[in-house]
Amino acid sequence: MRKSHASSWTPKLSLIGYANNLPTLNSTFQRTGVLFVLSAPSGGGKTTLCAGLRANQDFVYSVSCTTRAPRPGERDGEHYHFLSQEEFTRRVEAEEFLEYAEVHGRYYGTLKSTVIENLRQGLDVLIDVDIAGAASIRACGDRFITDSLADVFVMPPSVEELRQRLERRGTEAPEQIALRVRNAVAEMERWYEYKYTIISRTPPEDVESFRAIMQAERQLTRRYVNTP
């Protein structure tokens, strides 16, 4: 029978009694940020969820670039980074965007450098994108980005509930609502592409569900790096 021998190896940091030694623990282990990517069909509850999450600023809300003109009250660098079409095209050709898309003749995109900088500093980043944008992020080819990724899809409890939510807005004609519902159903069929799914109920419940995901992702062992 093989005998067990005490090892002469001494760990760099002893975790015995760590509760009384938090300053040492915190100075030795540093967490990298989590990239939370949030998608939902129109009426799925995404806008309300983002507003509820931003009430507690413990993450960086990604500010997108756009070629559209600023609306009244919008400030450059706070609501969007407003770029000319020429500047946006130059950045696309330089592969500076993590994802970008054309919406109604205007372009929107997320700068890769800003996201990476925040993540390396241990700051969590929240990006609000559609399904195509989320797919682009997954396929970006940057290992650091994909390792940091936690994508979440928010779904209405039913198609009928989605229809009622759109009708309660009172901003669109029945034909437009019907089109949105058809598009939403097509998007909902791709829920399985995401790591997490939240069935939208009430705004407080949705925020609670998302924050539970945030806490779980922040505690993953691979989020921590041992620094001298």
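Bear in mind that the values in this text are calculations on the coordinates, not laboratory data. In this text the structure is predicted, and so the values were computed from the model without any measurement. Cβ coordinates were reconstructed from backbone atoms using ideal geometry, including for glycine residues, and neighbour counts include every protein chain displayed.
Things worth noting here:
- Take the convex hull of the alpha carbons in the chain; its mean projected area over all directions comes to 19.0 nm².
- By average C-beta atoms within 10 angstrom, highest first, the peptides 139-147, 188-196: 188-196, 139-147
- Using C-alpha pairs under 8 Å with a sequence gap of at least 6, the mean separation divided by the residue count of the stretch 32-219 gives a relative contact order of 34 percent.
- As an equivalent ellipsoid, the stretch 97-228 spans semi-axes of 31, 19, 12 angstrom, where each value is the square root of five times an eigenvalue of the C-alpha gyration tensor, largest first.
- Gln30-Val63 FRET efficiency (beta carbon distance; Förster radius 35 Å; 0.05 resolution): 0.90
- Relative to the current alpha-carbon distance between Glu117 and Asn56, full extension at 0.36 nm per residue lengthens the span by 19.8 nm.
- Efficiency of FRET from Cβ geometry, Gln219 and Val92, R₀ 41 Å, rounded to 0.05: 0.65
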